[in-house]
Each structure stands twice: as structure tokens, then as C-alpha cells.
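Worksheet for the structure shown next.
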Amino acid sequence: TGASRPLARAMSTQVQRLGVVGAGQMGLGIALVAAKVAKLPVILMDTKQEQIDKGLKFMEKLLEKDVAKNRISSEDAAAAIKRVTATSSLKDFSDIDMVIEAVSENEILKQSIFAELDKWTKPEAILATNTSSISITKIAAATQKADRVIGMHFMNPVPVMKLVEIIPGLQTSSATLDATKALATAMGKTCTTSQDVPGFVANRLLMPYINEAIMTLESGIATREDIDTTMKLGCNMPMGPLTLADFIGLDTCLAIMKVMYDGTGDSKFRPSVLLQKYVDAGWMGKKSGRGIYEY
Ligand code: CAA
């Protein structure tokens, strides 16, 4: 039955306790799916208490909807939220088996978090990053256990999207790769594997499409609404590219384009001037109340 499947999956992962770094939209989704589907105890770390409080409420709301839609029982929902605990310090990660880092797309920040994780986690712990474009090989090099570092790229919104893109770095061991695939499967996701190149597969294809839509707006070819409607109704995309850009966050879109442009030198990855301007203005998309649209 549907209800017994997550349990069967959970038994296939060797991870007993999961740590998640960052209570933003990705970290919350990852923590929720790990607790609900893989039934794992999760420690969610964020330095901002307010972010954690908001996040736990958001998770509860999603679980309530699952109950209202008869997807899980209220007992299972209560058990899932109980599995999530919060902390503001990585020192509390001393007995976890695997960490998924999901902070903002900033190489220096990620490297410093991995250096810290290296200090506070046990030697055999696997350290995964949810980076959407930064080199796994480089992040791994910030630690003393590069063979245990891997990319685990979830899609937004994590509870809904079925894919996890797995990216082994140059130093990643095959045991780390297998354990990561097993965890993703226990979380109910389907895995694909990409080599460690800027943007991996998902963003190498998605971001130039979004960037081109912003350039189309910038050139005055069509209104924002008409660009989105063209792709939504004309190509059956679930969202138009400009709505999707706001949903992902314009700062994230720009950061990914820059990583691909700098990493390859290929002009096909050149970020749109308008995208840069919106980010400079603080118009980050849905999360900041204004992006290409107003919210
Ligand atoms: N968290 C959890 N669940 C969410 C959610 C969120 N943030 N947003 C929407 N949902 C759920 C809704 O609650 C709803 O669930 P129910 O079926 O239980 O009611 C379901 O998703 C469908 O939502 P809606 O009916 O409100 O709206 P929709 O049909 O337009 O679906 C969508 C919303 C799933 C987000 C859909 O528009 C979609 O698939 N959009 C494209 C998303 C996409 O391309 N994601 C990848 C982004 S790229 C990325 O993540 C990688 C990267 O590195 C940048």
C-alpha cells in the first residue's frame, strides 16, 4: 500500500540521523520530506531563530494539508513534525550520519560551512550539498574527507518535485554515491547523475531558457504576461519562465548564470543585464515581494 512504502524505503538507507543546514525554502522542504517520507530524525540548523520558527510553522501547514487530503493520518503527521528538531549550532551535529547543506548559492559561504562540518561531524559522516551549480570538487577540497562529499541537488518545491540530481565530485567515493542514492530513494525521489560541471544538467538547460525569457522582456519583444502565457499555454510549461524565475529567486538565477559563465567562458551563459539590475535593486522575486512581478 502507499502507506507502507515509505517505511520499506526507509529501511534501505543506512542513514539513521540526518542534519540539514539552512532553513530556507530548500532546507525546509528537504527536512520535511526526510521526516515524512524516509521517517528520519532530522536536525535543522539555521543561525536565525526567526527563520526556524517560520519554517516549522510552514512544515506543519503542509502536513495539515496532507491530512486534510487523506494522504497521511494525523498520527503520522504529528510523528513527522516531532522528528524535526532545530539548532543554531553545527556542534549539535556530532552524532548524525549525513548532512545536507542548503544555504544560499555562495561559494565562500559553502566552503566555510563544509570546513565547520568537517570539524563537528564524525569522520564517517557523508556531507552533501544542495548546490545548484557550484563545483562539488571545490567544496569537497575545503574538508579533510573529500571522498565523503557529494552534490545532492533537489528541485523546488522539494515536496512536489520528484527528481534529485546527484553529482559526485572528483574525489567522491562510490560508497558515498551509493549511500546518497539510497537516501534519495528512501525520500521517495528518482535520481539522475551528472558530472561535476558548472550548472550540472538541470540548470545547464533551465537557466539559459529563463535568461533568454528575461532578455526577451528586456528587448521589448513582448510583455511579461505574454512571454509567460506563450510558454504556459503554448508549450504546456507548468509556469511561465518569468514566474518561475521569481519563484526560484532572481538572485539564485543570477548566481547560477554567473557560475556557468565564469566556469565555461561561453557567451551562451551571459546573464541578462535586466536580471542583474533587478537583483541590484533588491528585487529578488516572490520571496522579497517584488521581482519581475509584484507580490
Ligand atoms: N512547497 C510545498 N508544496 C507546494 C509548494 C511549496 N513551496 N508550492 C506548491 N506546492 C504544492 C501545492 O500545495 C499543491 O499541492 P496539492 O496538490 O496537495 O494541493 C501542488 O503543489 C500544486 O500546487 P498548485 O495547485 O497551487 O499550483 P500548480 O498546479 O501550479 O503547481 C508547482 C505548483 C508544482 C510549483 C508547478 O507550478 C510547477 O511544477 N512549477 C515548476 C516548478 C519547477 O520548474 N521547479 C524547478 C525549479 S528549478 C530548481 O529547483 C533547481 C534550481 O537549482 C534552481
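Net charge near Gln144: determine it from the other residues with C-beta under 11 Å of the C-beta of Gln144, scoring Lys and Arg +1 and Asp and Glu -1. Walk me through the numbers before you get to the answer.
Numbers: positive: Lys119, Lys145, Arg148; negative: Asp118, Asp147.
With Lys, Arg at +1 and Asp, Glu at -1, the net is +1.
Please find, in a Gaussian network model of the chain (springs between Cα atoms separated by less than 10 Å), the residue of Asp228, Asp147, Asp280 whose mean-square fluctuation is greatest.
Maximum fluctuation in the GNM of the chain, among the listed residues, is at Asp280.
Taking the chain as a Gaussian network, where each spring joins two C-alpha atoms under 10 Å apart, which residue of Lys122, Lys39, Lys69 fluctuates the most?
Between Lys122, Lys39, Lys69, it is Lys69 that shows the largest mean-square fluctuation.
How much mean residue ellipticity at 222 nm does the chain get from its helices, if each DSSP H run of length 4 or more adds -39500 (n - 2.57) and you divide by all residues, to the nearest 500 deg cm²/dmol?
On the way: 12 runs with 139 residues, N = 295.
So the helix-based figure for the chain works out to -14500 deg cm²/dmol.
Place the peptides 170-180, 132-142 in order of packing, highest mean first, counting for every residue the other Cβ atoms within 10 Å and averaging per peptide.
Numbers: 170-180: 17.3, 132-142: 21.9.
Top to bottom by mean Cβ count within 10 Å: 132-142, 170-180.
Which of Pro123, Pro241, Pro198 ends up with the largest GNM mean-square fluctuation for the chain, with Cα atoms connected below 10 Å?
The residue that fluctuates most here is Pro123.
For the chain, what is the per residue volume of the convex hull drawn over the alpha-carbon atoms, in cubic angstrom? Provide the component values of the computation, followed by the final result.
Details: hull volume 39.4 nm³, N = 295.
Measuring per residue, one finds 134 Å³ for the Cα hull of the chain.
Might you report the magnitude of the Cβ-based charge dipole of segment 57-101 about its Cα centre, with Lys and Arg at +1 and Asp and Glu at -1, to the nearest 20 debye?
Working: 8 positive and 9 negative charges, 56 e Å.
That gives segment 57-101 a dipole magnitude of about 260 debye.
First select every other residue whose beta carbon is under 14 angstrom from the beta carbon of Pro159; then total the charges, Lys and Arg +1, Asp and Glu -1. Provide the component values of the computation, followed by the final result.
Numbers: positive: Lys36, Lys61, Lys65, Lys69, Arg71, Lys162, Lys189; negative: Glu60, Glu64, Asp66.
Here the count lands on +4.
With +1 on each Lys and Arg Cβ and -1 on each Asp and Glu Cβ, and nothing else charged, work out how big the dipole of the chain is about its Cα centre, in Debye to the nearest 20. Don't skip to the end; give the middle numbers.
Numbers: 34 positive and 32 negative charges, 134 e Å.
With Lys and Arg at +1 and Asp and Glu at -1, about 640 debye.
Going down the list Lys69/Lys110; Lys82/Lys232; Lys65/Lys122; Lys69/Lys277; Lys110/Lys268; Lys69/Lys258, which pairs span over 32 Å between their C-alpha atoms? Each step should come with its number before you reach the end.
Working: Lys69/Lys110 38 Å; Lys82/Lys232 39 Å; Lys65/Lys122 37 Å; Lys69/Lys277 42 Å; Lys110/Lys268 26 Å; Lys69/Lys258 41 Å.
Listed pairs above 32 Å: Lys69/Lys110; Lys82/Lys232; Lys65/Lys122; Lys69/Lys277; Lys69/Lys258.
Please report the net charge: other residues with Cβ closer than 13 Å to the Cβ of Met231, K and R +1, D and E -1.
It works out to a net charge of -2.
Would you work out which of Thr190, Ala79, Pro123 lies farthest towards the positive end of the dipole of the chain, given +1 charges on the beta-carbon of Lys and Arg and -1 on that of Asp and Glu, about the Cα centre?
Ala79
Computed from the coordinates by the stated procedures, all read-outs in this text should not be read as laboratory data. All of these numbers come straight from a predicted model, not from anything done at the bench. Neighbour counts are summed over all protein chains in view; Cβ atoms, including those assigned to glycine, are modelled from backbone coordinates with ideal geometry.
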